[in-house]
Amino acid sequence: MIELMRKMLNFYRNKMFRYFSGIWRSRYFWMHLALSDLRSRWRRSFLGALWSIIQPLGMTALLAIVFSKMFNTDITTYAPYVLSGIIVWEFIAASVTGGSLSFVQADAYIKQCRHPLAIYTLRTVLGSSAVLFMASLALYGWVIIVMPENIGWTWLASLTIFPMVLVIAWPMATLLAYIGVRFRDIPHAAGLALQALWFVSPVYFEAKMFRSGGMDFLVDYNPVYHILQLIRAPLLQGEWPTWENYMYSILLALAFSLIAWLMGRKSEAKVIFYL
Amino acid sequence: MKHPSIVFESVNLQYSSVAFKERSLKALLSHVLQGKRKQADVQDVHALKNISLTIKEGERVGLLGHNGAGKSTFLKTAAGLYPISSGNVQVEGQVRSLFDLSLGFEPDATGRENILYRGLLLGLSPAFMREKEAEIVEFAGLGEFIDYPMKTYSAGMQVRLAFSISTTVGGDILLLDEVIGAGDANFMEKAKRRITDLVEQADILVLASHDFVSLKRLCERGLVLHRGELVFDGEMSEAIFEYRRINNIG
């Protein structure tokens, strides 16, 4: 029995190793795709990449003015809170909607060449990560000016959000792409689901608002909150993120990976028929 | 020493009908409301039926068959793109394929940039592609057009560039699907020489075409496919004769 399990484990480990070495072998290709996405995004605009910084900043200015009046909060601390919410949320939304279309968008390549399909969702997620990184510069800048007392070693922890969101969003985009290639309704449905998730998550609304309403569970068991804390705790509070924040993020990444792998095992080879 | 080969053992391939039936809420509702009557009966397509064959190193094989006979499906199965329903496919060697020309070219980028992009698509490194670039440009013979955007190219020019890339970067098995016909006579001559060279290096060529002239010039072995079945496997001129007989031409 144990012998059999060890054999199975070995079998899957070899398979996984081969899959990832396929991804590594095609690295020049997906890096090129991700870069060319960014180039076409920023091409022919005067400010180019700067737009990724300006846009969330402008949005923050508007929201912060309105919300701080509505909720009676201090604008200097609330504005960076909103900004961190906007940029991470934009990343999540782009990974969900872009991810569900990743295979459909890459049909020309999928029909020509045999690469592991996960490279096409990786391309999408890398693109949105680059945008997130650009946008986060605005956040760092803002906090340095407005809350210099928070600067410290904890800021190192804020950098962990980038690899963390990548390992969460990549399998999530992959599993959405598998569904999206069969049911083209997914981007619409996902848009609706995102909106619902946004309302119950402390993205623009402060966590204490949920807590004062007796809805602690929307904060404590909400992975979106824990992901956001990875960058909020160090920058906005000058604290280390808690081990729970990391726990939730890692568990989420593992859960998505497992589902994506189970789906891919059955349907990866058949994706080409649906394009 | 490399020994490229393609081996098919009683290969069956079915396109499952769910893949091309309309799957939306609208279709589901109309299905419920109108009952089954109005729906055309869409069934699984049996695209390759019990195909067994072996292609060994140095062979130049031509595929014949009317539209929908299974030529492209055969090539894509050999390239490992399509999952087979039953049987066994074994392909030894690096496959280079040329299926649809416009696919994978970026129309806004220049021909030279597209050489790099296509190389990357094939899984090659930028350094390797820079090394091969001059040779590819030289063989394609597009003159100053190599620095023009791809959208200005004619079909024939695209073929020249694509063929030049696919045959220059190296690989053991070259699969071509009806693309070669778009080149002019001058280029066909060059292409033939290039293919002959490749075959001398023990590479394999499989070409699907409706053009008997180029098939006869380039290939010595002919396969005739008819409704997913392999009905003839032998010398090229006999294959052309057989193909004509089956389809009642001349």
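Quick one: residue B:127 ticks every box in (1) within 14 Å of chain A (Cβ to nearest Cβ); (2) surrounded by fewer than 16 Cβ atoms within 10 Å (Cβ to Cβ); (3) in a loop (DSSP other than H, G, I, E, B) except a single one, so which number is it? All conditions are met except number (3).
Within segment A:110-119, one or more residues are in contact with a helix residue (DSSP H, G or I) (Cβ under 8 Å, 6 or more places away or on another chain) and away from chain B (no Cβ under 14 Å).
Determine, yes or no, whether residue A:184 is within 16 Å of the chain's Cα centre (by Cα) and within 14 Å of chain B (Cβ to nearest Cβ). The answer is no for residue A:184.
Return the only residue of A:52, A:68, A:21 being among the polar types (S, T, N, Q) and within 14 Å of another protein chain (Cβ to nearest Cβ).
A:21
Do we have residue B:175 as surrounded by 16 or more Cβ atoms within 10 Å (Cβ to Cβ), at pLDDT 80 or above and in contact with a helix residue (DSSP H, G or I) (Cβ under 9 Å, 6 or more places away or on another chain) here?
Taking the combined requirement at face value, the residue satisfies it.
Scanning segment A:255-275 for residues that are within 14 Å of chain B (Cβ to nearest Cβ), in contact (Cβ under 8 Å) with a residue 24 or more places away in the chain, in a helix (DSSP H, G or I) and hydrophobic (A, V, I, L, M, F, W, C) returns A:271, A:272.
The values are calculated or read from the model by the stated rules, or taken from the named source; none is laboratory data. Since the structure is predicted, the reported quantities are computational estimates derived from the model, not experimental observations. Every residue, glycine among them, receives a Cβ derived from its backbone with ideal geometry; neighbour counts consider all protein chains shown.
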